[in-house]
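The values are calculated or read from the model by the stated rules, or taken from the named source; none is laboratory data. The structure presented is a predicted model; accordingly, all values stated were derived computationally and were not measured. Because the Cβ atoms are built from the backbone with ideal geometry, glycine has one as well, and the counts that use them run over all protein chains shown.
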């Protein structure tokens, strides 16, 4: 404790110090005129605060009949969808404040520009590489307590923290998809890439890798989850590049990753289906998280 | 234990929690929103949120701190949604202090001056003082509720005191 524990005088008056701290302050006040003067000033303020709060205290109204009726009612599907949409939209403050939006826009612009200046055969590589990787990074950044102030999560209760994180990831990935869609439109206008072909290259891998990262982050931790997904995707891209370089010389053996560059509807459908299954598995994990054992109510 | 009972669907536990914590939460909401009727409506919303969230309450904070956090979040939502502009630190429906013996009147006068000065404080500073002295939250709990660092709580307390001294000695308007 410092020589003059002035920071603790307010809590001494409020009675929120530990027994040891309280006794220590008491001893100090008996010997320090300066701190005693500070104490009297704070005591006067505290009396005013309590008096003002008492003015505002009114007889407590009974719990309303409307509230009683709501206690055992379940929201309709429309109400649940409205709540989900409202929750997701409310996360826009976090997305903007964290810098994710401008960083995403910058990467998508760079990827689109790179695709435009590369030769036709390589034009899809920037989108195939950058968009899914960006999805993994966004998902990992928004997952877990490292991505958010604990205070905000507590202040947002009773919404479950994982529900909030899911809402944020949904909004951030939705924004990424819109930006990537815009980039692909530009690419389709100024190159020989078709719009559907361009979208198919990045959409399914983005959804698949983001879902994988989300589920791994839930059961494990965001950083190793992102590392796993990025490592997997990096390995696939290297193998793809290797197979592509050999393709003109050697009819290579199966399995070939070249269909990733021009995915047919079946490959896109399988990836999206796998992504949806993982996303649902994630929600099931969140919804069925058990109450921690040994729960104790700490407060009054 | 009330929270656990509420999580299991016990409405009487909710009513008991309401009786225990309701007055403090209501006073907090009236102070934030400035309107008693609106505060009472929001209090019902807070209790519904407690009912729905009791099963996920982890006990990492005190129940009161948790409920004040919910109340604060709902009050902020309402103020943002309705572009709510509170009259500058003036609360409606406040009763006049009753007259009494002279020594009591003198004491009440001094207290009334402090109350008036408190009403003129910036909202964040007044809220910090209320959370510390009326709701008796620790420094870390106040930081938790207001979404700031403990250091910010300390500096708000000190600025509040400096501003009150300035107001009580009639030396001008308070600093944020």
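Couple of notes before you dig in:
- Checking residue B:114 against (1) modelled with pLDDT under 90; (2) within 21 Å of residue A:12 (Cα to Cα); (3) more than 9 Å from chain A (Cβ to nearest Cβ), the condition it does not meet: (3)
- From the list A:101, A:78, the one residue that fits, being surrounded by 17 or more Cβ atoms within 10 Å (Cβ to Cβ) and either away from chain B (no Cβ under 12 Å) or over 30 Å from residue A:171 (Cβ atoms) (or both), is A:101.
- Looking only at the stretch A:4-19, residues that are outside any helix (DSSP H, G or I) and more than 7 Å from every other protein chain (Cβ to nearest Cβ) come to 4 in all.
- From A:93, A:66, residue being within 12 Å of another protein chain (Cβ to nearest Cβ) and closer than 27 Å to residue B:22 by Cα: A:66
- In the stretch A:178-193, the condition of being closer than 30 Å to residue A:285 by Cα, part of a helix (DSSP H, G or I), out of contact with any helix residue (DSSP H, G or I) (no Cβ under 7 Å at 6 or more places or on another chain) and modelled with pLDDT of 85 or more is met by at least one residue.
- Taken as a whole, the structure leaves residue A:66 outside the set of residues that are out of contact with any strand residue (DSSP E or B) (no Cβ under 7 Å at 6 or more places or on another chain), crowded, with 19+ Cβ neighbours inside 10 Å and assigned to a helix (DSSP H, G or I).
- Figure legend. Inter-residue proximity from the stretch A:45-61: first residues facing chain B (nearest Cβ under 7 Å), second residues outside any helix (DSSP H, G or I), beta-carbon distance below 7 Å, spacing 6+ or different chains. Indicated pairs: A:55/B:94; A:55/B:95; A:56/B:91.
- In the stretch B:121-139, the residues that are farther than 19 Å from residue A:54 by Cβ and more than 10 Å from chain A (Cβ to nearest Cβ): B:122, B:123, B:124, B:125
- Among the residues making up the stretch B:8-37, those that are crowded, with 18+ Cβ neighbours inside 10 Å, in a helix (DSSP H, G or I) and more than 7 Å from chain A (Cβ to nearest Cβ) are B:13, B:14, B:17, B:21, B:24, B:25, B:28, B:29, B:32, B:33.
- Checking residue B:56 against (1) closer than 24 Å to residue A:54 by Cβ; (2) within 7 Å of another protein chain (Cβ to nearest Cβ), the condition it does not meet: (1)
- Verdict on residue A:97 being at pLDDT below 80 and closer than 30 Å to residue A:127 by Cβ: yes
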